[in-house]
Each structure stands twice: as C-alpha cells, then as structure tokens.
Amino acid sequence: MSQERSEEVMRRYLTEVVAQGKLELIPELAAEDMFDHTQATQGREGLVAHVTGFRSAIPDLELDLERIIASDDGVVGLWTWHGTPAREFFGVPATGVKVSCKVASVFQIKDGMLSDYVVYADALGTVKQMGAEVALPEGARS
C-alpha cells in the first residue's frame, strides 16, 4: 500500500471515528482480524468497544490532531484530547474537572487497513489534572 493510505487511515480514525463517533467507518479502516492492545475483544468489535468506551467516558470530547508520521506499513498519530471524565478514568473517580491528555496512537497497516493498534497516553499528567495525589519516587520527574 502507500504512505498516503496510512495517513488517511489515521486521520479518518481520529477525526471521524474517535472525534465524531462515526463507528460505521471502521470497516473501511480496520481489518476484520485487527489486534487492539487495549481490548480483550479483538477485531473490529474490539475497536468499536474501544471508541465507544472512550467516548462515553469523555462525553464532551474535543480532539486536536497535531501530527501524523506515516510509512507504507505503519503510522503514528500524535494528538491531544480535552474533556471532562464522566466516570472513573485512569483509576481516578470523576471530579468534574476538564482535563487534557497527550496521546500517541501507533498503527501497523496491512493491505491498506489497520491491523495492529497500540496507544500511549500521558495518564500521569491527566490524573494530576483530575486532582489525584501522585507520589513519584525520589529523583523522578513528571
């Protein structure tokens, strides 16, 4: 496939599926047997569960897509979400505080479709914004 298709998969996933909740687009972007490292359920159903769970946890979600770095068989999307957790999030009870979180979504692309998904998020920064007391080991930097 192409670098352009990898970019398209990431851009549409973040701006249309995650930000707007257009779950009906998942079959156009993800392979039936894709692997989502954040879910027990795999395949497209797991991706639907991932997005649905995230959007229900952050009902006032706003998303800023900052950068996409792509190759023919992989793509990284760097983005920040803003919103107010409506339930426990990252192990912290909902506080009614609007927070933001920097995220890196990493996709492997096979035959032009999302085949493997890993996400890295600034959970520590987010829970601190939610008011959680976080004790770091001496000498550690947050």
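The values are calculated or read from the model by the stated rules, or taken from the named source; none is laboratory data. Here the structure is a predicted model, which means the values were calculated and not measured. All Cβ positions, even for glycine, are placed from backbone atoms using ideal geometry, and neighbour counts span all protein chains on display.
Exactly one residue out of F107, F90 is in contact (Cβ under 8 Å) with a residue 60 or more places away in the chain and within 26 Å of S56 (Cβ to Cβ), and it is F107.
The set of residues from segment 67-90 being assigned to a strand (DSSP E or B) and under 14 Å from A121 (Cβ atoms) comprises V76, G77, L78, W79, T80, W81, H82, G83, F89. Beta carbons closer than 6 Å, at least 6 apart along the sequence or on distinct chains, pair a first residue in segment 43-55 that is touching a residue at least 60 places away in the same chain (Cβ under 8 Å) with a second that is of a type in the set (A, V, I, L, M, F, W, C) and in a helix (DSSP H, G or I) for L47/I26. Checking each residue in segment 98-142 for being surrounded by 15 or more Cβ atoms within 10 Å (Cβ to Cβ) and in a loop (DSSP other than H, G, I, E, B) picks out G112, D122, M130. Every condition in (1) without any contact (Cβ under 8 Å) to a residue 24 or more places away in the chain; (2) closer than 13 Å to Q108 by Cα holds for A31 except the one numbered (1). For segment 36-45, the criterion of being modelled with pLDDT under 95, surrounded by 17 or more Cβ atoms within 10 Å (Cβ to Cβ) and touching a Phe, Trp or Tyr at 6+ places or on another chain (Cβ under 8 Å) is satisfied by at least one residue. Q39 fulfils the conditions (1) touching a Leu at 6+ places or on another chain (Cβ under 7 Å); (2) closer than 26 Å to D60 by Cβ; (3) not in a helix (DSSP H, G or I) except for a single criterion, (1).
What are the pairs with Cβ atoms under 8 angstrom where one residue, in segment 69-83, is touching a residue at least 12 places away in the same chain (Cβ under 8 Å) and buried (at least 17 other Cβ atoms within 10 Å of the Cβ) and the other, located anywhere, is among the β-branched types (V, I, T) and not in a strand (DSSP E or B)? Sequence gap at least six, or different chains. Close Cβ pairs (under 8 Å, with a partner that is among the β-branched types (V, I, T) and not in a strand (DSSP E or B)) amount to V75/V9; W81/I58; G83/I58.
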